[in-house]
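Heads up: the structure comes next, in structure tokens.
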Ligand SMILES: Cc1cc2nc3c(=O)[nH]c(=O)nc-3n(C[C@H](O)[C@H](O)[C@H](O)COP(=O)(O)OP(=O)(O)OC[C@H]3O[C@@H](n4cnc5c(N)ncnc54)[C@H](O)[C@@H]3O)c2cc1C
């Protein structure tokens, strides 16, 4: 047993041990590096699930940290950029963060609100106090330390509930370790489509979509058929919106559950004893029995199976929660790729045109790491992900948490490994040597 596992084991049996007290003792949240001085512990960028998980694991290992978040709240993606009907796509046991299970009262697929409540309880339990409104605008290794610059944005709510920027200030933080936890979904991807600027109807990214309620009775086009596109289409249709969905590429759609078992859980179980190709054959056979032939509905499948494709390209299969039934019943129309927009209608590549009141771009997200991290050995400058799949550790104390394309399960695995690694180094060198110079 390594010494940290041992310490944790002792703590688990210590009735006086409180994570909150430990958080205070490790000086989490004390003012650091405002004028560029060296911070003793690691700097974590991003207070989403990954940043919070790293912070909790470090707390339990007695390592102080500074957690920098660009927004004024934790988990800004979940709080501000998700639709109301959202539930976790995977069963709760695959989505819990390290050291704290979901409450047993939670359903198998917790709602967005329940997940946010769980995260609030998580930060209370581990005494996590992020530095809010600290957007990291650059980070660079100077040969000895990571120099991280932030822009602090002070805003106020003005007429109509909009936010106005009152002032900005820059700060510099320096540390031996930098944990990148800004997420795979940091910025929305908005594609350039011919004529889109001339379109007179509403155009928005799915990150700004909340509910189908305001669109009742109108005609809405959803562009994209990933998990978001499928679920936004379902939500619109449930609100009596005339819904169409653009399917441009091939896509694996699997039922969320097969015979009452989570498809994700079933695949993990099968993969323990069978090859990826065999698992794919079984999954596709069962899917065909549950959903039928999705190609006949206008959603053709890739030639490579879902698990193999995930392994090769990181592309996640869509888990159906009712959209396929709506397509079959004709409530949701599937349309081919868009050729161009005009003032009131949209032309598709099959030559047909159709008018719409609004267009929702469910066209995905991208990492923002290349915009601020001046490093391209570990992180690939083109997509802002680590170059090698499942990599969490770079050189010179650089770490990536939450970039393995494995959702919250991957987040937990990364956080535990990163905290173990930093804690080992912290203990080897000794706290005194890390203290502010
Ligand atoms: C609609 C939707 C539904 C999803 N559902 C599931 C699901 O059911 N199960 C699942 O496992 N996964 C799901 N995911 C994937 C989800 O993104 C992750 O599971 C989880 O949010 C990843 O956490 P994270 O901390 O890595 O990233 P994020 O949640 O994106 O958090 C990153 C944080 O970093 C901050 N940040 C970004 N840039 C900077 C900067 N320059 N400076 C300071 N702070 C910065 C952001 O404001 C944010 O708070 C879903 C994603 C979406 C979009």
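Scanning segment 110-148 for residues that are touching a strand residue (DSSP E or B) at 6+ places or on another chain (Cβ under 6 Å) and farther than 15 Å from residue 69 by Cβ gives 111, 138, 140, 145, 146, 147. Being under 24 Å from the mean Cα position of the chain (by Cα), away from the ligand (no atom under 14 Å from the Cβ) and assigned by TED's automatic domain parsing to the domain that holds residue 345 is a property that holds for residue 212.
Would you list the strands (runs of 3 or more DSSP E) that sit entirely within segment 334-403 and hold 3 or more residues that are touching a helix residue (DSSP H, G or I) at 6+ places or on another chain (Cβ under 7 Å) and farther than 22 Å from residue 53 by Cα? Give the steps one after another, and end with the answer.
Details: elements: 338-341, 345-348, 353-355, 358-361, 398-400.
Where strands (runs of 3 or more DSSP E) fall fully within segment 334-403 and carry at least 3 residues being touching a helix residue (DSSP H, G or I) at 6+ places or on another chain (Cβ under 7 Å) and farther than 22 Å from residue 53 by Cα, they are 358-361.
This table checks each residue for (1) at pLDDT below 95; (2) within 16 Å of the ligand (Cβ to nearest atom); (3) closer than 27 Å to residue 100 by Cβ.
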{"residue": "358", "(1), (2), (3)": "no, no, no"}
{"residue": "367", "(1), (2), (3)": "no, yes, yes"}
{"residue": "379", "(1), (2), (3)": "no, yes, no"}
{"residue": "412", "(1), (2), (3)": "no, yes, yes"}
{"residue": "419", "(1), (2), (3)": "no, yes, yes"}
{"residue": "432", "(1), (2), (3)": "yes, no, no"}
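Yes or no: residue 120 away from the ligand (no atom under 12 Å from the Cβ) and outside any loop (DSSP other than H, G, I, E, B)? Spelling it out, residue 120 is indeed away from the ligand (no atom under 12 Å from the Cβ) and outside any loop (DSSP other than H, G, I, E, B). For residues that are closer than 26 Å to residue 93 by Cα, assigned to a helix (DSSP H, G or I) and touching a helix residue (DSSP H, G or I) at 6+ places or on another chain (Cβ under 7 Å), tally how many sit in segment 278-315. Of the residues in segment 278-315, 9 are closer than 26 Å to residue 93 by Cα, assigned to a helix (DSSP H, G or I) and touching a helix residue (DSSP H, G or I) at 6+ places or on another chain (Cβ under 7 Å).
Yes/no matrix, rows are residues, columns are (1) within 30 Å of residue 420 (Cα to Cα); (2) under 23 Å from the mean Cα position of the chain (by Cα); (3) surrounded by 19 or more Cβ atoms within 10 Å (Cβ to Cβ); (4) in the same structural domain as residue 408 (by TED's automatic domain parsing):
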site: 106; (1), (2), (3), (4): yes, yes, no, yes
site: 113; (1), (2), (3), (4): no, yes, no, yes
site: 116; (1), (2), (3), (4): yes, yes, no, yes
site: 137; (1), (2), (3), (4): yes, yes, no, yes
site: 168; (1), (2), (3), (4): no, no, no, yes
site: 179; (1), (2), (3), (4): yes, yes, yes, yes
site: 182; (1), (2), (3), (4): yes, yes, yes, yes
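Could you please let me know if residue 428 is modelled with pLDDT of 95 or more, assigned by TED's automatic domain parsing to the domain that holds residue 175 and part of a helix (DSSP H, G or I)? Before the answer, list the steps.
Details: modelled with pLDDT of 95 or more: no; assigned by TED's automatic domain parsing to the domain that holds residue 175: yes; part of a helix (DSSP H, G or I): yes.
No: the conditions fail for residue 428.
The residues listed here are 190, 247, 222; of these, the one that is in contact with a helix residue (DSSP H, G or I) (Cβ under 6 Å, 6 or more places away or on another chain) and in contact (Cβ under 8 Å) with a residue 24 or more places away in the chain is 222.
The residues of segment 81-92 that are at pLDDT 95 or above and more than 9 Å from the ligand (Cβ to nearest atom), listed by number, are 91, 92.
With respect to residue 206, is the statement that it is within 14 Å of the ligand (Cβ to nearest atom) and touching a helix residue (DSSP H, G or I) at 6+ places or on another chain (Cβ under 7 Å) true? Working first, answer last.
Numbers: within 14 Å of the ligand (Cβ to nearest atom): yes; touching a helix residue (DSSP H, G or I) at 6+ places or on another chain (Cβ under 7 Å): yes.
When the stated conditions are applied, residue 206 passes them.
Assess whether residue 58 counts as being assigned by TED's automatic domain parsing to the domain that holds residue 412 and either within 12 Å of the ligand (Cβ to nearest atom) or out of contact with any helix residue (DSSP H, G or I) (no Cβ under 9 Å at 6 or more places or on another chain) (or both). Considered against the rule, which asks whether it is assigned by TED's automatic domain parsing to the domain that holds residue 412 and either within 12 Å of the ligand (Cβ to nearest atom) or out of contact with any helix residue (DSSP H, G or I) (no Cβ under 9 Å at 6 or more places or on another chain) (or both), residue 58 comes out as no.
Output the residues belonging to segment 62-80 that are surrounded by fewer than 21 Cβ atoms within 10 Å (Cβ to Cβ), in a loop (DSSP other than H, G, I, E, B) and more than 7 Å from the ligand (Cβ to nearest atom). Walk me through how you get there before you give the answer.
Kept after step one, since they are surrounded by fewer than 21 Cβ atoms within 10 Å (Cβ to Cβ), are these residues of segment 62-80: 62, 71-73, 76-80.
Right, trim to in a loop (DSSP other than H, G, I, E, B) and you get 62, 71-73.
Matches in segment 62-80: 62, 72, 73.
Provide a single number: the residues in segment 316-332 that are part of a loop (DSSP other than H, G, I, E, B) and buried (at least 23 other Cβ atoms within 10 Å of the Cβ). Residues in segment 316-332 being part of a loop (DSSP other than H, G, I, E, B) and buried (at least 23 other Cβ atoms within 10 Å of the Cβ): 1 in total.
May I ask you to list the residues in segment 312-339 that are at positive phi and without any contact (Cβ under 8 Å) to a residue 40 or more places away in the chain?
The answer is 330, and nothing else.
Residue 16: at pLDDT 95 or above and either closer than 21 Å to residue 121 by Cβ or out of contact with any helix residue (DSSP H, G or I) (no Cβ under 7 Å at 6 or more places or on another chain) (or both), yes or no? So residue 16 does not fit the description; no. On the given criteria, is residue 151 assigned by TED's automatic domain parsing to the domain that holds residue 386, without any contact (Cβ under 8 Å) to a residue 40 or more places away in the chain and within 30 Å of residue 407 (Cβ to Cβ)? Yes, satisfied. Residues that are away from the ligand (no atom under 16 Å from the Cβ) and touching a residue at least 40 places away in the same chain (Cβ under 8 Å) occur in segment 389-407; there is at least one.
The values are calculated or read from the model by the stated rules, or taken from the named source; none is laboratory data. Remember, predicted model here, so these are calculated numbers, not experimental data. Here Cβ is always computed from backbone atoms with ideal geometry, including for glycine, and neighbour counts include all displayed protein chains.
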